[in-house]
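Following: one structure in structure tokens, then a few remarks.
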Amino acid sequence: MNSTDKNLDRIRHRIRTAAESAGRDPSTVRLVAVSKTHPPGAIREAAGAGQEIFGESKIQEALAKIPVLPPSLEWHFIGHLQSNKIRKALPLFRLFHGVDNPGLAVQMNRIAEECGCFPRILLEVNVSGEESKFGFQPDCLRSAIADLLALPRVGVSGLMTMAPYSEDPLAARPYFAALRHLRDDLEQQTGTPLPELSMGMSGDFEAAISEGSTLVRIGSAIFGERPKNQPDRFS
Ligand SMILES: *Cc1c(COP(=O)(O)O)cnc(C)c1O
């Protein structure tokens, strides 16, 4: 077994354990292997070990990698989508995790009409209120949700968040609970199911699973640390 296989095994075991101790069926938690900055070879290894869903955060990088990898893989966009990249992005990704403003969703809807596709999205929420974070403020989302659900081409599957960075894996739990509560409120308000909660990364996914996460986005715990000279959205 190479290290990617071993890491994947370990992560799957931890996901299963976290789900079971929360009284959840482990199959309701899907693993998104965040492969940003890692070469196609690393992704092929993970795919060989049975991993099917991969997350990328840059369109240029995804355009270079996705076509050289098996077509059976499912790709999720986890970054901050710029409007001038929507047209290229739509055919590549099954799910867009980070839609953080109504204007972006409206533009995705318009371009989806031209391409004849039906993108699925998750609305990113800034539950911590940190100024450096992307995402809807919860109250803005309460006001915007009806219009977003009315977009004919774009399907809203649920919510996504990133907890503030902390050394303490449990510190994130209240933010994950807040996202779940907001989701429950929005479902009540609109009468529309929002089943997906994308929350939890390498450092905090167990807390996220305790609070109902259905999609954990895990990068470094599978593929190792990312090269420091390749900036991503944290830097
Ligand atoms: C990079 C990234 C991740 C993965 O982070 P790790 O700490 O490496 O697991 C998850 N979600 C988003 C939005 C990211 O940009």
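Here are some notes:
- Identity of the residue in the range 203-223, near the ligand (Cβ under 9 Å from one of its atoms) and outside any helix (DSSP H, G or I), that ends up surrounded by the fewest Cβ atoms within 10 Å (Cβ to Cβ): G203
- For the range 146-189, the set of residues classified as of a type in the set (F, W, Y) and either away from the ligand (no atom under 16 Å from the Cβ) or at pLDDT 95 or above (or both) consists of Y175, F176, listed by residue number.
- For the range 39-68, filtered to residues that are under 17 Å from R10 (Cα atoms) and of a type in the set (D, E, K, R), the residue that is most open to solvent (accessible area, probe 1.4 Å) is E52.
- Members of the range 141-158 that are open to solvent by less than 70 Å² (accessible area, probe 1.4 Å) and either of a type in the set (F, W, Y) or not in a strand (DSSP E or B) (or both): L141, A144, I145, A146, L148, L149, L151, R153, V154
- If the condition is being free of Cβ contacts under 8 Å to residues at least 12 places away in the same chain, part of a helix (DSSP H, G or I) and closer than 20 Å to V156 by Cβ, then the range 167-202 contributes H181, D184, E187, Q188.
- Taking the numbered list (1) open to solvent by 60 Å² or more (accessible area, probe 1.4 Å); (2) within 16 Å of the ligand (Cβ to nearest atom) in turn, V125 passes all entries but (1).
- For the range 1-45, the candidate set comprises residues that are among the β-branched types (V, I, T) and over 20 Å from the mean Cα position of the chain (by Cα); within that set, the residue that is nearest to the ligand (Cβ to nearest atom) is T4.
- Residue in the range 29-38 that is without any contact (Cβ under 8 Å) to a residue 40 or more places away in the chain and open to solvent by 40 Å² or more (accessible area, probe 1.4 Å) present: no
- Among the criteria (1) in contact with a Leu (Cβ under 8 Å, 6 or more places away or on another chain); (2) open to solvent by 60 Å² or more (accessible area, probe 1.4 Å); (3) within 30 Å of A172 (Cα to Cα), the one K88 does not fulfil is (3).
The values are calculated or read from the model by the stated rules, or taken from the named source; none is laboratory data. Treat the numbers as computed from the prediction; the structure is a model and nothing was measured. Quick reminder, even Gly has a Cβ in these numbers, built from the backbone with ideal geometry, and neighbours come from all protein chains shown. All accessible areas refer to the heavy atoms of the entire protein, side chains included, with ligands and DNA or RNA removed. Shrake-Rupley method; radii C 1.70, N 1.55, O 1.52, S 1.80 Å.
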